[in-house]
Structures are given as structure tokens and as C-alpha cells.
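A.B. asks: If you scroll down you'll find the structure; I have some questions about it.
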Amino acid sequence: MKKRLLILVSVLCLVFLAACNNSDSEKSTDNKNADGQVVITIWDYLAPDSSSDEEQKALIKQYESENPNIKFERTYIPFADLKTKLLQGIAGNSLPDIVVIDNPDHQSFIEAGVFADITKEVEEWGQADKYYPGAMDSAKLDGKYYGIPNNSNALAIYYNKKMFEQASITKTPQNWDEFAETAKKLTDGDVKGFAMAGKKSEESTFQFLPYIWQSGADLDSFDSSEAKKALKLIQNLVNEGSLSKNMINWDQSDVLVQFQTQKAAMMENGPWQIPILEKDSPDLDWGVFLMPQDKNAASVLGGENWAITADSENKKEAWDFLKWTQKPDILGPMHELGGRLPSREDLGSDSQYIWQKDENVSVFMEQLKSAKPRAYGTKYPEISSNVQEAIQRAITGEEVDKVMDDAAKKIEPLLP
């Protein structure tokens, strides 16, 4: 309770901002519209025109068709803004019924009182043991369920096959030295060998953590020589011209554009980009390979969870929808559409789906075997912010040793 109060106090400064927007601060007391339908509100950060956005729209459309008594009102909120919006929602009593939340952020918002305890519902559902343990654990705190996983993913490296051929590169790099050399060979003027996200948001932490783990370090050894080697790898790619300095302004969608327009020969990205490449760049000859390693093979476990807010007036209807989305015959085709990988183990091994049949998607399923969760407790958002700051400082020219020493001092007391 004390921690929750501290979190709530920390966001009181946002009350004024929340109050300035009447549509956010006023909550309807009637959960039905003029047609007698129950209105379920959803917030998510699934970017317009992305494959995950297409999946979300398809889910909503199909459910409304099968359940004419339900009407959804969905609001897109940019990834970098969703956390602030949730905090404003607490202060202004203006939260939606359902939130799509990045799985490493789930626990911190449970502690803040945003999400409803649905332990009884999940236990009666009886499907929790069908999921990868790490994915399901991300929606729990102190043994109780506050949501369910929707999808899992990992990062791997996409590459332009034509550019590899033109540079006489016959195999994909397996380790850091080979990767740096390959990126250098592929760099030609404005065309960079590699692109990754470094914008000051969770996406940059997401894309950088694999290198920390590959080095043999972790966030509790952020000032170690191994961890510093990881950030120096990225800084050196920038200094050598193989990675654009503009990466500190890029999110993962921007990275995709660099790859699609052939301004980058390789990119670090997730499986959700595959449907976009197939649809929008049909003439681009590309492939995917596992992330290069140093001491260890590693990627990062990503994905989103569904959660119902604590103050929702439509908990039953919201839970019915969440259960429906997890039916294998719904989840499988929808995840194919959305370029996502399932959090359900039984679905992940089903040979009828693309993640078992397609050579590129199957790389991501293989990469999941070495993907680690961002399991750093309820203070993870603050931890991540310090990692993001370190990346920004290093890429803009500061000395890596000092940057990581400074960050380690801030991160250590936040770790569980």
C-alpha cells in the first residue's frame, strides 16, 4: 500500500493536464449506447497501418459481428505516451475498460492500482498452463493474475540479400566481430550497413538489452567491462558510419522504413514487420538470421498483455472478450495476420501456422529459445529510462565508461 501511495503521489502533478481535457476527465455512468449495446473502451499503442493494428481491427470487427450487443471504442495512443496517459487516467478517473500493455510494464501498473485482479476468472478459465511460463508470469504480481498474455516475440536481424550479394558476402555473421565487419562492408555513403532503434523510449532498451546479455552481463552489472563492451559495439558502429547517428531518433517503424527504402542493408526488428514487408515491399529480396552473439546467444522477449482496469464497469463483458481472443482457432489466424508469435505453447507448436512453415518466421521461433524477459520488478520503467539515457549519451559522443558508471549507480537501487 505504501508503494502504491508513493506512485499515486508522484503523478498528482498530472492531474491538471488530465483535467484540461473534458473527454478524458469525465467518465460516463451509463455503459450502454442508444442502441442498447454495452460499450467497451480499449486503449492500445498499435500504430495505424501496422500489421498489429490490422489484427486488432479484425479482432474487434469479428467479435462485434458475433456479439451484436457489444460495441467497441478503441483509442490509439503512441507507445511513448501510453504510460503518461495511464497515469493521467488514474488521477482523472478516466481509464478505459481494457488496456493493451507492453509486458515489462504490466507489474508497475498493477502496483499503481490500474488493473483489476482477475485471479478468480483466470482460474475458472483453466487455460493458464497452456502458456509459456515467462509470458504468463508477466501478467501476475504476488501470485495473483491481473491480465493475460496476448502474444510473444523476439528480435532478430533482417538482411537485404541483393546487397549481401553485391558486397560478395556469402554467409550471415555469427558473432560481434563478423557483424561489425559485415556492416562496414555493406556501408556505402548514405546507405548504412545496419539500422536499429535508439529513440528515448522502451523500444531502445528493448533493442539494446540483447547485447548486454550476449556479453554475459545484465542490468545488475551495467558498469562491468562486459556491459561496456556492448554499448561500445553500438557506439563504434555509429563512429565508423555503419549505423546512422539518427538512430537516437528512430523507433522500430522508422528502422523498417530505412530497410524498405534500402538505406540500410540490415536491421534489428521483430516478426510483426514481416507482413508489412510482404505487402508493401514485394520486390525486396530479404531474409532473417539469428542475432550475432558474443559470450552468449540472446535476444529479448517482447509482447503485449491484455488487462482490464480496476474501475471498469464492464468487467464481465471485457473478460468474455479477452477469453474469446485466446481461442486457438481465433488466435492462430489473427496472429498470422498481425505478424506475431503466440504465447500459447500448444499454438506455437501447431504445424499449420506460418511460424512453423515460413523460413523467416521460423527464425523468430528459434530466436525465442534464447530470448530473455525484462523481469526486473515493478520499478522497471524507471530502470529502462536510465538505460535509454545511457544510449542517448553514448551515441551523441560521450565516453561509454562514464555513461555506464553513471547509469549503474541509478539502476542498482531500483533492481528487485
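A.B. asks: Of (1) touching a helix residue (DSSP H, G or I) at 6+ places or on another chain (Cβ under 7 Å); (2) farther than 21 Å from Val361 by Cα, Glu226 satisfies all except one. Which?
C.D. replies: Evaluating Glu226 over (1) touching a helix residue (DSSP H, G or I) at 6+ places or on another chain (Cβ under 7 Å); (2) farther than 21 Å from Val361 by Cα leaves (1) as the failure.
A.B. asks: Applying the selection to the range 132-150, what residues are touching a residue at least 60 places away in the same chain (Cβ under 8 Å) and either assigned to a loop (DSSP other than H, G, I, E, B) or within 14 Å of Leu301 (Cα to Cα) (or both)?
C.D. replies: The answer is Tyr132, Gly134, Ala135, Met136, Asp137, Ser138, Ala139, Tyr146, Gly147, Pro149, Asn150.
A.B. asks: Further, regarding this structure: Exactly one of (1) at pLDDT 95 or above; (2) assigned to a helix (DSSP H, G or I); (3) in contact with a Ser or Thr (Cβ under 9 Å, 6 or more places away or on another chain); (4) surrounded by fewer than 21 Cβ atoms within 10 Å (Cβ to Cβ) is unmet by Ile276. Its number?
C.D. replies: For Ile276, the failing item is (1).
A.B. asks: Does any residue of the range 250-259 turn out to be more than 21 Å from Tyr380 (Cβ to Cβ), at pLDDT below 95, buried (at least 23 other Cβ atoms within 10 Å of the Cβ) and not polar (S, T, N, Q)?
C.D. replies: No.
A.B. asks: Just for the range 55-84: of the residues that are assigned to a helix (DSSP H, G or I) and at pLDDT below 95, which one is most open to solvent (accessible area, probe 1.4 Å)?
C.D. replies: Asp81
A.B. asks: Somewhere in the range 192-207, is a residue surrounded by fewer than 23 Cβ atoms within 10 Å (Cβ to Cβ) and out of contact with any helix residue (DSSP H, G or I) (no Cβ under 9 Å at 6 or more places or on another chain)?
C.D. replies: no
A.B. asks: In addition: Looking at the range 287-303 only, could you name the residues that are open to solvent by 20 Å² or more (accessible area, probe 1.4 Å) and either in a strand (DSSP E or B) or free of Cβ contacts under 8 Å to residues at least 12 places away in the same chain (or both)?
C.D. replies: Listed by number, the list holds a single entry, Gln293.
A.B. asks: Need the failing condition index for Pro48 against (1) in a loop (DSSP other than H, G, I, E, B); (2) closer than 21 Å to Ser204 by Cβ, just the number.
C.D. replies: Going through the list (1) in a loop (DSSP other than H, G, I, E, B); (2) closer than 21 Å to Ser204 by Cβ, Pro48 breaks only (2).
A.B. asks: Looking at the range 364-376, is at least one residue of a type in the set (S, T, N, Q), open to solvent by 20 Å² or more (accessible area, probe 1.4 Å) and closer than 26 Å to Asp105 by Cα?
C.D. replies: yes
A.B. asks: Of the residues in the range 119-131, how many are open to solvent by less than 10 Å² (accessible area, probe 1.4 Å) and outside any helix (DSSP H, G or I)?
C.D. replies: Selection size over the range 119-131: 1.
A.B. asks: Now for a separate question. Give the residue that is surrounded by the fewest Cβ atoms within 10 Å (Cβ to Cβ), with candidates limited to residues of the range 342-357 that are in contact (Cβ under 8 Å) with a residue 12 or more places away in the chain and part of a loop (DSSP other than H, G, I, E, B).
C.D. replies: Gln352
A.B. asks: Additional query: So if I check each of Leu231, Leu243, Leu284, which one is in contact (Cβ under 8 Å) with a residue 12 or more places away in the chain and open to solvent by 10 Å² or more (accessible area, probe 1.4 Å)?
C.D. replies: Answer to the selection: Leu284.
A.B. asks: Let me ask something additional. Give the residues of the range 162-187 that are free of Cβ contacts under 8 Å to residues at least 60 places away in the same chain, farther than 24 Å from Lys232 by Cβ and open to solvent by 100 Å² or more (accessible area, probe 1.4 Å), sorted by residue number.
C.D. replies: Hits for the range 162-187 are Glu165, Gln166, Thr170, Lys171.
A.B. asks: For Asp283, work out the one condition from (1) out of contact with any Phe, Trp or Tyr (no Cβ under 9 Å at 6 or more places or on another chain); (2) part of a helix (DSSP H, G or I); (3) at pLDDT 95 or above it doesn't fulfil.
C.D. replies: The number of the failed condition is (2).
A.B. asks: Filter the range 141-161 down to the residues that are buried (at least 21 other Cβ atoms within 10 Å of the Cβ) and more than 20 Å from Glu124 (Cβ to Cβ) and list them by number.
C.D. replies: The answer is Asn151, Ser152, Asn153, Ala154, Leu155, Ala156, Ile157, Tyr158, Tyr159, Asn160.
A.B. asks: Restricting the search to the range 371-396, which residues are touching a residue at least 40 places away in the same chain (Cβ under 8 Å), under 20 Å from Pro413 (Cβ atoms) and of a type outside the set (Ser, Thr, Tyr)?
C.D. replies: Arg374, Ala375, Gly377, Lys379, Pro381, Ile383, Val387, Gln388, Glu389, Ala390
A.B. asks: Can you tell me which residue in the range 146-159 is farthest from the chain's Cα centre (by Cα), limited to those that are under 16 Å from Val361 (Cα atoms) and not small (Gly, Ala, Ser)?
C.D. replies: My answer is Tyr159.
A.B. asks: Hey, another quick one. Select from the range 304-314 the residues that are assigned to a strand (DSSP E or B) and open to solvent by 10 Å² or more (accessible area, probe 1.4 Å) and list them in ascending order.
C.D. replies: Glu304, the sole residue that qualifies.
The values are calculated or read from the model by the stated rules, or taken from the named source; none is laboratory data. None of these values were measured; they are calculated from a predicted model. Here Cβ is always computed from backbone atoms with ideal geometry, including for glycine, and neighbour counts include all displayed protein chains. What goes into the accessible areas is simple: the full protein's heavy atoms, side chains included, and nothing from ligands, DNA or RNA. Shrake-Rupley method; radii C 1.70, N 1.55, O 1.52, S 1.80 Å.
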